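> Take this structure first; my questions come after.
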DNA sequence: GCCCAGGTGTTTC
DNA sequence: GAAACACATGGG
C-alpha cells in the first residue's frame, strides 16, 4: 500500500529528473575509459576517491603498458600498489584489483562473461573481495553493458535533496526503485547515472538553493 | 591545516 | 543490523 503510493510518485519523479537533466546537459556518452578492462579498473580505483586521482593512476598503468589482462593479471598486489598510489588506499585497492583479475581469469576473460546471465554475474562480482554493490554495478553497466542502475553518493545526495528519498535507504532498495520504474535499458541507465554525476560536478552540491540548477 | 572525494570490509555493540 | 573505524592520496 505505502509502497505503491511511493512507487507511483517516484516514477514520475525519476522520469522528470532525467528529462530535466537531459534537457540541460544532453547525452553524456559515458564512462571515461577506452576498454572494458580500463573501465573495470577505474570502477575499483574510484572507490571513495576523487576521479582526478584515479586518472593519474590509470595514466601510470598505461605508461607501463600494463592495462591489458595479459600484463596486469600476473602482477601481485605488492607490485600493483606503487603504480596506483595516486588513487589512495593503494594497498587495499591493489589487493582488490588482484582479486577481480583472478576471478576474471577464471571465467575466461571478458569474452567468457558474455554467456553468464546478469543476476549470476552480479552475484559473482559481489563474491570478489573488495567489490561491493556500487563497484559491481558500475562494472556491469559500463564495462559489460548490462541494464543495471548504479547507485552512488551523488545519486543519494541529489534524490534526497529533490525529496524522492530520505537518503539512508539500502543500496538495493534504491536500485530497485530505478529499475522497477524506468524502462530496462542499458543506454538509459548509463546516461541517467552519468547525468547525475554531471549535475553533482557542475554545481549545486549541497547548497540549499541554486538558480542554475536544472532541478531547482 | 582541514575537509572531502563516483566504497568496502572488519569490528563492536 | 547498524554504527564506528581503517584504509591514503591530492585538490580546494
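Values quoted throughout were computed directly from the atomic coordinates according to the rules given, and no laboratory measurement underlies them. This structure is a prediction, so every number in the text was calculated from the model and none was measured. Here the Cβ is made from the backbone with ideal geometry for all residues, glycine too, and neighbour counts use every protein chain on show.
> Calculated from DSSP H runs of 4 or more alone, at -39500 (n - 2.57) each and per residue, what is the 222 nm mean residue ellipticity of chain A, nearest 500? The partial results should precede the final answer.
Details: 12 runs with 130 residues, N = 216.
My calculation for chain A gives -18000 deg cm²/dmol from helical runs alone.
> Below 8 Å between Cα atoms, with a sequence gap of 6+, how large is the relative contact order for segment A:36-143 in percent?
On the way: 105 pairs, mean separation 35.4, N = 108.
Across segment A:36-143, relative contact order equals 33 percent.
> Mind checking the angle between helix A:118-127 and chain A's longest principal axis? C-alpha axes, 0 to 90 degrees, to the nearest 10.
Between helix and principal axis, roughly 60 degrees.
> On to the next question. Roughly what angle does helix A:171-181 make with the longest principal axis of chain A, taking Cα atoms, 0 to 90 degrees, to the nearest 10?
Between helix and principal axis, roughly 60 degrees.
> Between A:63, A:185, A:86, find the one with the highest GNM mean-square fluctuation for chain A; connect C-alpha pairs within less than 10 Å.
Highest fluctuation among the options: A:63.
> In whole Å, how far is the Cα centre of segment A:113-147 from that of segment A:55-89?
Distance between centres, Cα-based: 21 Å.
> Also, I was wondering about something else. Could you check which residue among A:115, A:146, A:156 shows the biggest mean-square fluctuation in a GNM of chain A with a 10 Å Cα cutoff?
Of the options given, A:115 has the highest mean-square fluctuation.
> When the Kirkwood radius is taken over all Cα pairs of segment A:64-216, what Stokes-Einstein diffusion coefficient follows at 25 °C and 0.890 mPa s, in µm²/s?
On the way: Rh = 17.3 Å.
In µm²/s, the coefficient rounds to 142.
> Kindly express, to the nearest 10 degrees and within the range 0 to 90, the angle between helix A:51-63's C-alpha long axis and the longest C-alpha principal axis of chain A.
On a 0 to 90 degree scale, this one is about 30.
> Can you give the Kirkwood hydrodynamic radius for segment A:36-143, in Å, rounded to one decimal and based on Cα pairs? Kindly include the intermediate steps, with their values, before the conclusion.
Working: mean 1/r = 0.0730 Å⁻¹.
Every distinct Cα pair counted, the radius reaches 13.7 Å.
> Counting pairs of alpha carbon atoms under 8 Å apart in space and at least six apart in sequence, what relative contact order in percent does chain A give?
Numbers: 219 pairs, mean separation 55.8, N = 216.
RCO, chain A: 26 percent.
> While we're here: Counting other C-beta atoms within 10 Å, which of A:31, A:103 has the fewest, and how do the rest follow?
Details: A:31 18, A:103 15.
Lowest to highest Cβ neighbour count: A:103, A:31.
> Going by the alpha-carbon gyration tensor, a ≥ b ≥ c the square roots of its eigenvalues, is segment A:136-193 rounded (a/c under 1.5) or, if a/c is not under 1.5, prolate (a/b greater than b/c) versus oblate? Numbers along the way, then the final one.
Values: a/c = 1.96, a/b = 1.74, b/c = 1.13.
Verdict is prolate for segment A:136-193.
> Another question about this same structure. What is the order of A:60, A:150, A:54, fewest Cβ neighbours within 10 Å to most?
Numbers: A:60 17, A:150 27, A:54 23.
The fewest-first ordering by Cβ neighbours comes to A:60, A:54, A:150.
> Fewest first, what order do A:34, A:152, A:137, A:16 take by the number of other Cβ atoms within 10 Å? Walk me through the intermediate numbers first.
Working: A:34 10, A:152 19, A:137 25, A:16 13.
Arranged by neighbour count, lowest to highest, A:34, A:152, A:137, A:16 become A:34, A:16, A:152, A:137.
> Where is the GNM fluctuation largest for chain A (alpha-carbon springs, 10 angstrom cutoff): A:179, A:55, A:169?
A:169
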